[in-house]
């Protein structure tokens, strides 16, 4: 009695499925975050501390600055009112260009999209949706992720 050979489709599906499971396992976590840490690094795995993005004093009230997260991805940090800070991904939702601070707005240099620096909302297209907000808070005079 001979065994049937698996089809190419079955082999590809099996390999893709195994790869997907491995990727999910590598990305897994408990989804928790903790409060501020110190320095400019992400904390260790059993109680990850936030990443310091900038000193609060470096973000003028009513304006914003550029920053980078622990992975080097560009962010924008704003202080809409004294002591209130917000942060957003600096990647334009139109075609992925890096958006720059422009006072109370963010501006995309590629196609002219404008965003509100306090909310990330689109003020002028062609961007189709708001910038992705990044959770931040103030700790020890610094703007920290998490």
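Since every read-out is calculated from the coordinates, none of them should be taken as a lab result. Keep in mind that this is a model prediction, so the values were computed, not measured. Ideal geometry is used to build each Cβ from the backbone, glycine not excepted, and the neighbour counts take in all protein chains shown.
Over region 47-146, what portion of Cα pair distances is larger than 25 Å, expressed as a whole percent? Cα-Cα pairs of region 47-146 separated by over 25 Å account for 14 percent.
Among 78, 113, the order by Cβ neighbours within 10 angstrom, fewest to most, reads 113, 78.
When 119, 93 are arranged by Cβ crowding within 10 Å, least crowded first, meaning fewest neighbours, the order is 119, 93. Suppose each label sits 7 Å from its Cα in the direction of the beta carbon; what would the residue 110-residue 61 distance come out to in nanometres? For residue 110 paired with residue 61, the spin-label model returns 3.6 nm.
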